[in-house]
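The values are calculated or read from the model by the stated rules, or taken from the named source; none is laboratory data. All values derive from a computational prediction rather than experimental measurement. Cβ coordinates were reconstructed from backbone atoms using ideal geometry, including for glycine residues, and neighbour counts include every protein chain displayed. These accessible areas exclude ligands, DNA and RNA; they are computed on the full protein's heavy atoms, side chains included. Shrake-Rupley method; radii C 1.70, N 1.55, O 1.52, S 1.80 Å.
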Amino acid sequence: MFRIPSIACLCNSCAVFGLLVLFAVLSLPDVAYADAVHLTDHAAGFTGQDFGAAACGLGDIDGDGRFDLLVGAPLNNLGGAESGAAFLWYGSTDVTHSANEVWYGASGERFGFSVAAIGDVNNDGDPDFAVGAPLSNTGGTEKGRVCIFYGGGALSSTPDLVILGANGGDQFGFSVSGAGDFNGDGKDDFIVGAPFSNTGGTNLGAAYVIYGDNGDPSTDLADATTMTGEISGDFFGWSVCGAGNFLGGNEESVAVSAPGNNSHWGEDAGAVHIFEGTLSGNTPNATPDHLIGIGGSSPALSQYGWVVENIHRWDSDGYDDLAVGGPFNNQAGTAAGRVEIIFGDPSPSATGDRYVTGGSGGDQLGYALDLLGDLTENGRDDLLIGAPFYAGDGADAGRAYIYEGGSNSGSVSVLDVVAVDPLMPGTQAFDRFGFAVAGIGDFDGDGLIDYAVAAPSGNIANNATAGYCRLWATNNQTVGTFQYQAASTWTADGQVRLQLTLPLAPESITHMEIRRQDSSGLETVFDGSVEDLIVNGLFPAGEHHYELIDAGPFNQEINGQQISYQATLDLLNGSRVELSDPSVWPALSLEQQPALRPLMARQAWPNPANPRTALEYRVDEGISYSLTIADLRGRRIRQLAQATGTGQWEQKSWDGKDDAGRALPSGLYFFHLRTTGHIEIRKVILAR
């Protein structure tokens, strides 16, 4: 039977690779290493976000000469349960843990399950990208949707274009990829898979080539070229990719997999269909031009086409080649896996021209694939392969390999092993290292190739199963994220309550500075120990809550002015963390600040007093006031202040004595803060 794991665990098509760790954004220090490294122990995270279940290099989205990186976290919960998220890092020589851009999905839709560079689909000269949310219920249960973002300049905080699936249950957006110029009209196109489409048969599957245009591509799937599977259970569209000139002509091709196909090579052997496009803007047909199946002695149950990837010129002959993974192939052991390379040609083979099999049963070699480019500098493009359930370093610890361009067939012995160094002793089992792999391109701008391997179930430094990555770059930087939540709200008396939820215990933070940003610049509002800010201790998810009141003053001269906040944490391990993401810590509008009364008082503290207590209060500048203590019958017992307001918050203490210095008995007393026409009363219990 075709295996359908939880959608949270699927690595779909050439657009699903892995990197990084968890989910909204903390900026950690820029560090360089002599070798590739794991995320080190200054990172933290929460379990189960599947950060890195999808990732891809985007090319140069921002035009700075470095390639950029997009990462999906389909189980991110910031937008609601399993809403999902996508994180964008601009290429840099100084990689930080803070994503440059972040987008969040809607509850339950698993936004970020697939991500892909799709070329310039609006024909404005800048590359664009897509994010899939296959469980979106917009317009129908699990109809799915794909969100398009246009590159160039400032990226939009919301999708520039949204395309919905055709029918409920299709899971449109399960896979997505660029399709080249499929109809030959000079504009880039893209392809989207919907493998659970029931049109024509249960889980027959479908794939849609959507055409680029001068402006927005059409959101009407009637304008797309629709391809469908052969028989029920094909899951056609599970993985999709642009296949370039694989068929040897000037036309662009696309490849669509059907890993559940039973009709050619045996039960659940799988198949890959190739469709050739057209030239001069003619609409291509939806009839397959070539069919590829798995070779070897045990094709049944292989689920060939779990992932299909354009690997460019692997054999350096001028035609684009394809790599196809069959991770459940049994030739070298039950589910040891197999990867095949099919050479592009006017008459290509029906099975692999080169192959490699897993080392032992259960490895699932070929679960993830991606083009590396000529990493080994032999004049041919190389392939990165994941085997996430390899058990040689612990149960399901995982492994990744490099298949050098032009190499011979064989077992994993013909592959170069990507080193697996566990993040922490004893945590390597069940990491699923190699579940996702990514050839990033030139991320740091030095002209050399960078790549990464993800372990989305891997433990990180606080033992949370948040996932980690190894990133190989010339500067060997490591990128990762973890969750924080922040809120800024006006109080009834016109102050700002700042709240932070962090996955960091107080003892791991040596110092915190919080700053307010407005038109006059940055002003520090807190500088000290977090022990002073703790509201609640450890929560079940490992969260700690911190709170601070910012009393201002706030500049109200500019109508509509906003104020925002940012913080810096110094950690016990010597690293520094910046909290400044406006999508996580929204700004406040001064127009919404409550009208200020001429005098205000907070609650007495401590209360009960034994015997000392204090009152914080504010009186408008230039207004005369008095602050006294009264008993239960309203009689004045003690005068604490007779002064003129400064407009700032002040504090006066009371030691439980009257004006004559006599200690008063236990009981209920009152602070009276008075000015002409106004009084604020705060009670305090004196307990001796």
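For HIS290, the residues whose modelled amide H falls within less than 5 Å of its own, excluding neighbours fewer than 5 places apart on the same chain, are ILE274. If the segment from ALA587 to ALA81 were pulled out straight at 0.36 nm per residue, it would be longer than the present Cα-Cα gap by 179.7 nm. Considering only protein heavy atoms and a probe of 1.4 Å, how much of the accessible area of the stretch 563-688 is carbon and sulfur, as a whole percent? Answer for the stretch 563-688 is 48 percent, counting heavy atoms of protein chains only. What figure in square angstrom, to the nearest 10, would you give for the accessible area of TYR211 with a 1.4 Å probe? Accessible surface of TYR211 is approximately 30 Å². For the stretch 347-445, carbon and sulfur atoms together expose 45% of the accessible surface, with a 1.4 angstrom probe and every protein chain in place. In order along the stretch 675-688, the Karplus-derived 3J(HN,Hα) couplings, from 6.51 cos²θ - 1.76 cosθ + 1.60 at θ = phi - 60°, round to 9, 4, x, 9, 8, 10, 10, 10, 8, 8, 9, 8, 10, 9 Hz, and Gly and Pro are given as x. When the stretch 586-660 is described by a simple charge dipole with +1 on each Lys and Arg Cβ and -1 on each Asp and Glu Cβ, the residue from VAL619, ALA609, GLN592 located farthest towards its positive end is ALA609.
Each Lys and Arg Cβ is given +1 and each Asp and Glu Cβ -1; about its Cα centre, the stretch 589-688 then shows a dipole of about 500 debye. Measuring with a 1.4 angstrom probe and ignoring ligands and nucleic acids, GLU377 comes out at about 140 Å² accessible.
Along the axis of the charge dipole computed for the stretch 191-284 (Cβ charges of +1 for Lys and Arg, -1 for Asp and Glu, origin at the Cα centre), the listed residues ASN261, VAL192, PHE246 are led at the positive end by ASN261. Solvent-accessible surface of the stretch 80-184, taken per residue with a 1.4 Å probe and all protein chains present: 27 Å². Carbon-plus-sulfur accessible fraction, the stretch 127-187 (probe radius 1.4 Å, protein heavy atoms only): 45%. Against the criterion of solvent-accessible heavy-atom surface with a 1.4 angstrom probe, TRP490, TRP89 sort, most first, into TRP490, TRP89. Using only protein heavy atoms and a 1.4 Å probe, report how much of LEU291 is accessible, in Å² to the nearest 10. Estimated to the nearest 10 Å², LEU291 gives 50 Å².
Listed by chain and number, the aspartates and glutamates whose C-alpha is less than 13 Å from the C-alpha of LYS652, apart from same-chain residues fewer than 8 away, are GLU616. Per residue, the accessible area of the stretch 253-400 comes to 29 Å² when a 1.4 Å probe rolls over the protein heavy atoms. Per-residue Karplus couplings for the stretch 76-87, computed as 6.51 cos²θ - 1.76 cosθ + 1.60 with θ equal to phi - 60°, are listed in order as 4, 10, 5, x, x, 4, 6, 6, x, 7, 9, 10 Hz, Gly and Pro entered as x.
For the set PHE343, PHE246, the ranking by accessible area, highest first and with no ligand, DNA or RNA atoms included, is PHE343, PHE246 under a 1.4 Å probe. Phi angles of the stretch 281-297 translate, via the Karplus equation with coefficients 6.51, -1.76, 1.60 and θ = phi - 60°, into HN-Hα couplings of x, 5, 6, x, 8, 9, 9, x, 9, 7, 10, 10, x, 7, x, x, 8 Hz per residue; Gly and Pro are given as x.
Under a 5 Å amide H cut-off, with hydrogens placed 1.01 Å from N, ALA269 pairs with LEU301, SER302, GLN303 among residues at least 5 apart or on other chains.
Near the amide H of GLU101, within less than 5 Å, lie the amide hydrogens of LEU88, all on another chain or at least 5 residues away, with H placed in the peptide plane.
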